[in-house]
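Contents: one structure, followed by commentary.
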Amino acid sequence: MKKYALTLLAILMLNLTQVAIAQDKDTKVYEFRNGYWFDGQRFKKRTFYSTGGILTSRKPAHVDSVIDLAGKYLVPPFGEAHNHNLGGASGLERQIEMYLREGVFYSKNLHYVRNLTAPILSRVNSPTSVDVAYAHAGLTASGGHAVELYEKLYDRGLFPGWKKGELDTRTFFIIDSEHELEEKWPVVLAGKPDFIKTYLEYSEEYEKRKGDPKYYGQRGLSPRLLRLIVKKAHDAGLRVSSHIETGADFHNALLAGVDEIAHLPGYKMSPGEDLSRYQISDEDASLAARKGVTVVTTTVLSNSLYRNDARQLKIIQANQVRNLGLLAKHRVKVALGSDTINATSVAEAMNLHALKAFDNLTLLKLWCENTPQAIFPGRRIAYLRDGYEASFLALEGNPLDDFVNVKRIEIRFKQGVFINISQNKQ
């Protein structure tokens, strides 16, 4: 827990040199020829046009510029379904440059502070920047993970001028009763979140942990209250993502009706713990598939948490592969997220590749199709098809043959605009 607090403190206090991004802001009609376009199963040689920021295979009456792709491989841009970057002004331009350079055009910020995020909203969600969906203050219980984290940040002077009692409803929402939910729900909605973040931690021991100070920072919402929160969120047209720790949390989140589960169970566990506690059951995997719930991977987070314990990391990784295999068996929606400060989902994708959790085709589809759709459901992104946003990456080589080619990006194109990254790499 201490490590996590320090990493989030680091991002909030960053004061790094901003990296310039040169942007082409015209709205020309482009013809892209001699490229191999990903159709969801393979790469096919095709010609596409970008007009008004939309892809079409029909040649427009007028073309401003013809781009010879010279045999490059075109894929939809990548997504990052769990992170806490791009949430405040400090270091923002550097982070935007990092995301665009790595081809990650869509990001989901699962908990930040509205007061810090609001001033930077004009600098994201545009053709020349990263598109971000935000959950501002997450909903948790007294003494939950978010409470511990933000109280530590407060003690380090991160929120000057605030009183500690103001953290509740500004940096998190403590929901211990139905009365508190009713009282604070209008404040939750007033923050205009894109979705709702909830914390369900060790819910199988909710009664045991809720009043015991030794579990400070390791407890979450009552499963009963989570069900009420989900209903309120859905009534307001908002999706719900739930942070979990255990297999029981996974089960209770499904019963509550959440739309997304933000971790695999067991991304962290102490040596000697019963592994079955962090395993998804066959029945729950089947239920997740039937309910259309998305599960976010966050496997690479374990690498940093257990960098000094290779034996425990190996146990955790084996369990991650086991859980992912079960989700794949039942065709559960899976999205990539790293939950790693100052990194993108490239780290997560390469870790999943190293774990051999998926073949190259499956991993590519999870990253460039499932993940963007999990961030912006209903938006016409994540496919290279007529009528979809004209956003893509042109790769040097075929990622189905060598997955490392996902890092060899030669052209970045977003909503009809070329993204020209500064050559001054940091």
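The values are calculated or read from the model by the stated rules, or taken from the named source; none is laboratory data. This one's a predicted model, so the numbers in the text were calculated from it and none came from an experiment. In this analysis, Cβ positions are derived from the backbone assuming ideal geometry, glycine residues included, and neighbour counts consider all displayed protein chains. Quick note on the areas: whole protein, heavy atoms, side chains included, nothing else; ligands and nucleic acids left out. Shrake-Rupley method; radii C 1.70, N 1.55, O 1.52, S 1.80 Å.
Numbers at a glance
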{"item": "Those residues of the stretch 155-180 which are assigned to a loop (DSSP other than H, G, I, E, B) and farther than 18 Å from residue 206 by Cα, in sequence order", "result": "156, 157, 158, 159, 160, 161, 162, 163, 167, 169, 170, 171"}
{"item": "Residue match in the stretch 315-329 (condition: surrounded by fewer than 24 Cβ atoms within 10 Å (Cβ to Cβ) and either without any contact (Cβ under 8 Å) to a residue 24 or more places away in the chain or of a type in the set (Phe, Trp, Tyr) (or both))", "result": "yes"}
{"item": "Set 169, 140: member being at pLDDT 95 or above, polar (S, T, N, Q), under 27 Å from the mean Cα position of the chain (by Cα) and surrounded by 18 or more Cβ atoms within 10 Å (Cβ to Cβ)", "result": "140"}
{"item": "Neighbours by Cβ (under 8 Å, 6+ apart or cross-chain): first from the stretch 269-286, touching a residue at least 12 places away in the same chain (Cβ under 8 Å) and farther than 19 Å from residue 314 by Cβ; second open to solvent by 60 Å² or more (accessible area, probe 1.4 Å) and part of a helix (DSSP H, G or I)", "result": "281/251; 284/251; 285/329"}
{"item": "Considering residues of the stretch 104-131 that are of a type in the set (S, T, N, Q) and assigned to a strand (DSSP E or B) only, the residue surrounded by the fewest Cβ atoms within 10 Å (Cβ to Cβ)", "result": "109"}
{"item": "Residues located in the stretch 203-231, provided they are touching a helix residue (DSSP H, G or I) at 6+ places or on another chain (Cβ under 9 Å), open to solvent by 20 Å² or more (accessible area, probe 1.4 Å) and outside any helix (DSSP H, G or I)", "result": "216, 218, 219"}
{"item": "Among the candidates 89, 133, residue that is within 29 Å of residue 226 (Cα to Cα) and of a type in the set (A, V, I, L, M)", "result": "133"}
{"item": "Strands (runs of 3 or more DSSP E) wholly inside the stretch 14-55 that include at least 2 residues being at pLDDT below 75", "result": "21-23"}
{"item": "Qualifying residue in the stretch 220-229 (condition: at positive phi and at pLDDT 95 or above)", "result": "no"}
{"item": "Answer from 357, 394, 347 - the residue that is open to solvent by 10 Å² or more (accessible area, probe 1.4 Å), among the small types (Gly, Ala, Ser), touching a residue at least 12 places away in the same chain (Cβ under 8 Å) and not in a helix (DSSP H, G or I)", "result": "357"}
{"item": "Count - residues of the stretch 69-103 that are touching an Asp or Glu at 6+ places or on another chain (Cβ under 7 Å), more than 26 Å from residue 191 (Cα to Cα) and either open to solvent by 10 Å² or more (accessible area, probe 1.4 Å) or not in a loop (DSSP other than H, G, I, E, B) (or both)", "result": "1"}
{"item": "Only listed residue being under 18 Å from residue 104 (Cβ atoms) and not hydroxyl-bearing (Ser, Thr, Tyr), chosen from 355, 366, 400", "result": "366"}
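Residues checked against (1) open to solvent by 10 Å² or more (accessible area, probe 1.4 Å); (2) at positive phi; (3) not in a helix (DSSP H, G or I):
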| site | (1), (2), (3) |
| --- | --- |
| 242 | no, no, yes |
| 252 | yes, no, no |
| 263 | no, no, yes |
| 285 | no, no, no |
